[in-house]
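Report on the structure given below.
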Amino acid sequence: MPAKLSTDPETAIVTLEAEGKITVEDFDRIAPEIEAFISAHGTIRLLEIVQSFEGVNAELLWRGLKLDRKLLPHISHCAVVSDIGWMTPLAKAAGAVISTKLRTFAMADLEDAKSWVANPD
(Lines give C-alpha, C1' and ligand atoms only; values in the text may rest on other atoms or scores of the structure.)
Protein backbone atom coordinates (compact mmCIF):
# COMPACT_ATOMS: atom_id res chain seq x y z
CA MET A 1 0.00 0.00 0.00
CA PRO A 2 2.18 2.87 -1.14
CA ALA A 3 -0.62 5.47 -0.93
CA LYS A 4 -4.23 5.36 0.17
CA LEU A 5 -6.80 8.16 0.20
CA SER A 6 -10.04 8.39 2.12
CA THR A 7 -12.47 11.28 2.39
CA ASP A 8 -15.20 12.27 4.81
CA PRO A 9 -17.76 14.53 3.10
CA GLU A 10 -19.45 15.44 6.40
CA THR A 11 -16.29 16.91 7.93
CA ALA A 12 -14.43 17.84 4.70
CA ILE A 13 -11.42 15.85 5.94
CA VAL A 14 -9.08 14.05 3.56
CA THR A 15 -6.87 11.32 5.00
CA LEU A 16 -3.79 10.39 2.99
CA GLU A 17 -1.79 7.37 4.13
CA ALA A 18 1.64 6.71 2.63
CA GLU A 19 3.91 3.76 3.01
CA GLY A 20 6.93 2.85 0.92
CA LYS A 21 7.66 4.50 -2.42
CA ILE A 22 5.14 6.85 -3.99
CA THR A 23 4.65 6.01 -7.66
CA VAL A 24 3.31 7.85 -10.68
CA GLU A 25 0.33 5.50 -10.56
CA ASP A 26 -0.38 6.54 -6.95
CA PHE A 27 -0.17 10.22 -7.88
CA ASP A 28 -2.35 9.82 -10.98
CA ARG A 29 -4.98 7.99 -8.94
CA ILE A 30 -5.01 10.25 -5.88
CA ALA A 31 -4.48 13.77 -7.28
CA PRO A 32 -7.78 13.88 -9.21
CA GLU A 33 -9.67 12.55 -6.18
CA ILE A 34 -8.30 15.33 -3.96
CA GLU A 35 -9.04 17.96 -6.61
CA ALA A 36 -12.62 16.68 -6.98
CA PHE A 37 -13.11 16.67 -3.21
CA ILE A 38 -11.88 20.27 -2.98
CA SER A 39 -14.16 21.26 -5.87
CA ALA A 40 -17.10 19.77 -3.98
CA HIS A 41 -16.23 21.20 -0.55
CA GLY A 42 -14.20 24.38 -1.11
CA THR A 43 -11.89 24.32 1.90
CA ILE A 44 -10.76 21.02 3.37
CA ARG A 45 -8.62 19.71 6.22
CA LEU A 46 -5.89 17.14 5.61
CA LEU A 47 -4.55 14.30 7.74
CA GLU A 48 -1.32 12.82 6.39
CA ILE A 49 -0.12 9.56 7.91
CA VAL A 50 3.35 8.51 6.79
CA GLN A 51 4.20 5.04 8.05
CA SER A 52 7.38 4.70 6.01
CA PHE A 53 8.92 6.50 3.08
CA GLU A 54 11.23 4.95 0.52
CA GLY A 55 11.22 7.85 -1.89
CA VAL A 56 9.27 9.18 -4.77
CA ASN A 57 9.60 8.83 -8.50
CA ALA A 58 11.73 11.78 -9.69
CA GLU A 59 9.07 12.74 -12.26
CA LEU A 60 6.68 13.40 -9.38
CA LEU A 61 8.77 16.06 -7.65
CA TRP A 62 7.81 18.80 -10.09
CA ARG A 63 4.26 17.52 -10.57
CA GLY A 64 3.80 17.37 -6.81
CA LEU A 65 5.03 20.92 -6.30
CA LYS A 66 2.67 22.21 -8.98
CA LEU A 67 -0.25 20.37 -7.40
CA ASP A 68 0.65 21.66 -3.93
CA ARG A 69 0.69 25.23 -5.24
CA LYS A 70 -2.78 24.71 -6.67
CA LEU A 71 -4.31 22.92 -3.68
CA LEU A 72 -2.71 24.51 -0.62
CA PRO A 73 -4.94 27.60 -0.66
CA HIS A 74 -7.89 25.22 -0.18
CA ILE A 75 -6.41 23.32 2.79
CA SER A 76 -7.05 25.16 6.05
CA HIS A 77 -5.39 22.66 8.41
CA CYS A 78 -2.94 19.82 7.93
CA ALA A 79 -1.76 17.26 10.49
CA VAL A 80 1.34 15.28 9.53
CA VAL A 81 1.73 12.04 11.50
CA SER A 82 5.01 10.15 11.29
CA ASP A 83 7.90 8.74 13.27
CA ILE A 84 10.36 9.40 10.44
CA GLY A 85 13.04 11.64 11.96
CA TRP A 86 13.44 14.16 9.15
CA MET A 87 9.70 14.45 8.45
CA THR A 88 8.90 16.76 11.40
CA PRO A 89 11.53 19.44 10.67
CA LEU A 90 10.65 19.38 6.97
CA ALA A 91 6.94 19.76 7.71
CA LYS A 92 7.60 22.57 10.18
CA ALA A 93 9.76 24.39 7.62
CA ALA A 94 7.00 24.07 5.03
CA GLY A 95 4.45 25.24 7.59
CA ALA A 96 6.44 28.43 8.12
CA VAL A 97 5.96 29.53 4.51
CA ILE A 98 2.38 28.45 3.76
CA SER A 99 -0.95 29.78 4.99
CA THR A 100 -2.21 26.32 5.93
CA LYS A 101 -2.12 25.70 9.68
CA LEU A 102 0.18 22.71 10.05
CA ARG A 103 1.01 20.53 13.05
CA THR A 104 3.16 17.42 13.33
CA PHE A 105 2.43 14.39 15.49
CA ALA A 106 4.21 11.14 16.34
CA MET A 107 2.51 7.89 15.33
CA ALA A 108 1.68 7.27 19.00
CA ASP A 109 -0.35 10.52 18.89
CA LEU A 110 -2.46 9.59 15.86
CA GLU A 111 -5.71 9.99 17.80
CA ASP A 112 -4.63 13.49 18.90
CA ALA A 113 -3.89 14.36 15.27
CA LYS A 114 -7.32 13.13 14.19
CA SER A 115 -8.94 15.16 16.96
CA TRP A 116 -6.99 18.32 16.06
CA VAL A 117 -7.91 18.06 12.37
CA ALA A 118 -11.56 17.43 13.24
CA ASN A 119 -11.67 20.32 15.75
CA PRO A 120 -8.71 22.57 14.96
CA ASP A 121 -9.84 25.75 16.73
Along the stretch 105-117, Karplus-curve 3J(HN,Hα) (6.51, -1.76, 1.60; θ = phi - 60°) to the nearest Hz, with x for Gly and Pro, reads 9, 6, 4, 5, 9, 4, 5, 5, 5, 4, 5, 5, 5
Between A40 and E54, the two model label points (7 Å from Cα along the beta-carbon direction) sit apart by a distance in nm of 3.2
Loop-resident GluC sites (Glu not before Pro) in the stretch 35-121 with no more than 16 other Cβ atoms inside 10 Å, DSSP not H/G/I/E/B, are E54
Put S39, S115, S52 in order of accessible area, largest first, probe 1.4 Å, and you get S39, S115, S52
Per residue, the convex hull enclosing the Cα atoms of the stretch 70-121 spans a volume in Å³ of 75
For the chain, whose charge dipole is built from +1 on Lys and Arg Cβ atoms and -1 on Asp and Glu Cβ atoms, the candidate among P2, P73, S52 with its Cα farthest towards the positive end is P73
Here D for the chain, in µm²/s, from Stokes-Einstein with a Kirkwood Rh over Cα pairs at 37 °C and 0.692 mPa s, works out to 226
From highest to lowest solvent-accessible area (probe 1.4 Å; ligands, DNA and RNA excluded), W86, W116, W62 read W62, W86, W116
Two pseudo-spin positions, 7 Å from Cα along C-beta at N119 and at L65, lie apart in nanometres by 4.0
Here the relative contact order (percent) of the stretch 18-76, from C-alpha pairs under 8 Å and at least 6 apart, is 55
Pseudo-spin-label distance V97 to D109, built 7 Å along Cα→Cβ, given in nm, is 2.4
The chain: relative contact order from alpha carbon pairs under 8 Å, six or more residues apart, as a whole percent, is 24
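Report, in debye and to the nearest 20, how large the dipole of the chain comes out about its Cα centre when Lys and Arg carry +1 and Asp and Glu carry -1 on their Cβ.
Charge dipole of the chain: 480 debye, to the nearest 20.
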If the chain between W86 and D28 were fully extended at 0.36 nm per residue, the gain over the current Cα-Cα distance would be 18.3 nm
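Shape call for the stretch 1-50 from the C-alpha gyration tensor, a ≥ b ≥ c root eigenvalues: rounded (a/c under 1.5), prolate (a/b greater than b/c) or oblate? It would help to have the intermediate numbers written out before the result.
Details: a/c = 3.03, a/b = 1.63, b/c = 1.86.
Since a/c reaches 1.5 but b/c is at least a/b, the shape of the stretch 1-50 is classed as oblate.
The values are calculated or read from the model by the stated rules, or taken from the named source; none is laboratory data. A quick note: this is a predicted structure, and the numbers were derived from the prediction, not measured. Every residue, glycine as well, gets a Cβ built from its backbone with ideal geometry; the counts of neighbours run over all protein chains shown. Accessible surface is based on the protein model in full, side chains and every heavy atom, while ligands, DNA and RNA are left aside. Shrake-Rupley method; radii C 1.70, N 1.55, O 1.52, S 1.80 Å.
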